[in-house]
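The values are calculated or read from the model by the stated rules, or taken from the named source; none is laboratory data. Please read these numbers as outputs of a predicted model, since none were measured by experiment. Ideal geometry is used to build each Cβ from the backbone, glycine not excepted, and the neighbour counts take in all protein chains shown.
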Amino acid sequence: MTLVTASTARVLAARGSRDVLGASDPAGPLSATTTALLGELPSWWARRAAAAGLSGSWLDLDHAIDQDALVVTGRSSVLDAVETGEQLGHAYVEGLAAGVRARHGRHYTPPQLSRQLWTMTRSALGARAAASSAPGLVRDPACGAGALLLPVVREQVQALVRSDPGLALSRMPNVVEGIDTDPIAVHLANVVLAAEMLPLLAALPESRRRPLPTLARVGDGLAPADHPVHAVVMNPPYGRVRLDAAERARFADVLYGHANLYGLFLGAALNDLDDDGVLAALVPTSFTSGRYFTALRAGLSSRTHLREISFVDSRSGVFSGVLQETCLAVFTRKRQTRTRLSSISDTVTPVAQVRASRGAGPWLLPRRADDAPVAAAAARMPLTLAAAGWRASTGPLVWNRRTADLHARPGQGRRRVLWAADIDGGAVHRDPARDSLRYLDLTQPSDQKVMVLDQPAVLVQRTTAPEQTRRLVVAELSASELEAWDGAVVVENHVNVLRAAVEAPLLSRTTVTRLLSTITMDRLMRCVSGSVAVSAYELDSLPLPSAEVLTEWEQTWPDLSDDRVEEMVRSIYWHEKKTAIQ
C-alpha cells in the first residue's frame, strides 16, 4: 500500500478542466510512470524533510502542506533515484505520452537554463531582485512542475533563513506565483517548491511552525494578472493554435497570420508588467525573424527593450521535435540602447553587444562574435532585397500531396520538377536521386498558372542541413538553362524563387546570384535566423547598401572575379572594426 495525498485525488478529478484556448485534458491519460510518481511523492517528501532536520508530523506531506492522505494500491521505485525538484519535474514530463507533449507543447526546462534565465532576470531587475514582500515579484504563467521558479525560491530562502524565517514563509506567496492548466503539474510544483522552503520551516521553533504555503495554482496563464508584476519568467508551450473571433481580437496587437502559443504568452505578459517590469522567456528564436511574428516584434519594440539574449547551442531536452534554435530572451521596460548577446553550451560565452533591435522587421542578432560587425553594419543599411526590386516566393509543389501525379518519364501535359538537390554546387543541374519523381502531371485547372515557372529566376534552397557549411545555397536559372529544361519547370517547395518585381530592379539576376553566393551574405543570413530554413520573407528582408553602391556593383562585377566580388561586399558589410564584447 502507498500513501498519496487527497489533493492528488482532487487533481485527478480536475483533469478535465479548461486548458489554454479551449483545449481540455492538458496532460492526457495518466501513464503508469506518472501514477507511480504520484504514489511515491510522500516517500520523496519524507526524505527531503528529514534531510532538512525535521521529524514527526513534518515528514507527512499532507500535514506539511495542508493535504489529506488517501490510501491507494500499487508501489513503484520510480522516485528512488530522484533527489531534486528538477529531477522530479523531468520524471513527470518524460512520463507524458509523446503525443500529449507534442499536442500541448509541453517540455522540460534543464536546470542550467532555469538558473541562467533567473540570473539574467535578476540582473535586469537590479535592486528589485532582492528579498522583497512586494506582490508578484516573479510570475510564471506556464509553470509546469515549477522548474523556472526553483532558483527564485532558493535565492529567497538563502537570503532570509537567518533573519526571520517565519516572516519569509508568510511573504513567499506574495513573491512567487506559478500558474498552469495541468493540475498534476501544479501539484508537483507545489511539492517541489515547498521542499525548497523546508530550511525556513526547520529554522522556526515548533510552536511557530505552520503548513508550508502553496505557490502555484491551476489557471489560465494567458488570463490578465490581478495586479502588475515585477517580472514574468516562462518557458511557455509552443505550437500553432486556432483562435476564435474573440481571442483573435484580444491578441490582435501581437498577431499576424497564424497564432503560435508561445507568441501569445509573450504578448499577454506585456500587459502584466509594471512600469519597471522585466519579461524573461525561454523560447524558439523564430520570433526574432519570422513573418508571422512581425506584429509581436512591433509590440515588443514599442513597449519593452531587448536587454539580453542568449542562444542555446544544444537543442536537445528543450523543445522536442523543434529543429530551430532556442534562446533565453530578457526584455525590460527601461530603455536599452544596446543588447547583450551570449551563447550557452556547457558555459555562458559572451558574443557581443549590438545596437538594440527595434521594429517589426527581422532583428539582426549575431550568434558568433566575429559576425557582430556585419550585423552592426547591416542594421544601418537603407535598403533590402525587396526594396531593390526583388521578391522571393516558395516553390509551389508540395510533392507528397501530388504523389499520384509525379512520374519518372516525360509525357503530354507533364513538366519537369526542379528539386533543391538540383541546385547544389551553385549551378542548376539534374540530380539523379530525384529522377524517379522528375515530372509532374498538370492535372489541376490552376496548375499551369500556379505551378509553372517559365521565366528566368534566382533559386535559393529553402532548407539546409545543420552540417552544411553554407546557409545560402544559390543558383541562377538563366534563359539558356531554362530552355535546357524544356522552357519551363515546376519548383518544389524546398526551393525559394527570386524574381524581379519591377521592370528595372537595381540589381540584375546575375548580380543577385553572385551577391547571395558570397560568404558575407551567408554570415548575414545567420544573423537574421538561427534556423536551418531560409524563408522567402527573410530573403526579402536582407539588408542592402545604398542605390549608389548597388549601381557600382552592377556596373563593375561583370569584369571581376569571384574573389574580387567577395572583397567588395566584405568592405561594405564588415567596415565596423570594433564591437563591444563583454
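Annotations
- Looking only at segment 517-526, and only at residues there that are hydrophobic (A, V, I, L, M, F, W, C) and closer than 18 Å to Ser571 by Cβ, the one that is surrounded by the fewest Cβ atoms within 10 Å (Cβ to Cβ): Ile519
- Among residues of segment 428-451, those that are more than 34 Å from the chain's Cα centre (by Cα) and within 28 Å of Met525 (Cα to Cα), counted: 4
- Near pairs, Cβ below 6 angstrom, 6+ apart or cross-chain, from segment 295-313 (over 22 Å from Asp274 (Cβ atoms) and outside the structural domain of Val330 (by TED's automatic domain parsing)) to any residue that is in a strand (DSSP E or B) and among the hydrophobic types (A, V, I, L, M, F, W, C): none
- Of all residues in segment 495-508, those being of a type outside the set (A, V, I, L, M) and either surrounded by 19 or more Cβ atoms within 10 Å (Cβ to Cβ) or closer than 22 Å to Pro362 by Cβ (or both) number 3.
- Residues in segment 340-367 that are more than 17 Å from Thr384 (Cα to Cα) and of a type in the set (Ser, Thr, Tyr): Ser342, Ser343, Ser345, Thr347, Thr349.
- Enumeration of residues in segment 452-467 that are assigned to a loop (DSSP other than H, G, I, E, B) and in contact (Cβ under 8 Å) with a residue 24 or more places away in the chain: Asp454, Gln455, Pro456, Arg462, Thr464, Ala465, Pro466
- If only residues of segment 328-349 that are touching a residue at least 24 places away in the same chain (Cβ under 8 Å) and assigned to a loop (DSSP other than H, G, I, E, B) are counted, the one that is nearest to Ala231 (Cα to Cα) is Arg333.
- Check on Leu79, aliphatic (A, V, I, L, M), over 27 Å from Pro224 (Cβ atoms) and either modelled with pLDDT of 60 or more or assigned to a loop (DSSP other than H, G, I, E, B) (or both): yes
- Selection count where residues are assigned by TED's automatic domain parsing to the domain that holds His230, under 30 Å from Leu506 (Cα atoms) and β-branched (Val, Ile, Thr), scope segment 333-386: 1
- Condition check for Arg391: in a loop (DSSP other than H, G, I, E, B), at pLDDT 95 or above and surrounded by fewer than 18 Cβ atoms within 10 Å (Cβ to Cβ): no
- Inside segment 413-451, residues that are on the phi > 0 side of the Ramachandran plot and either part of a loop (DSSP other than H, G, I, E, B) or buried (at least 19 other Cβ atoms within 10 Å of the Cβ) (or both) make up a count of 1.
- So Pro42, is it part of a helix (DSSP H, G or I) and either modelled with pLDDT under 75 or over 18 Å from Ser207 (Cβ atoms) (or both): yes
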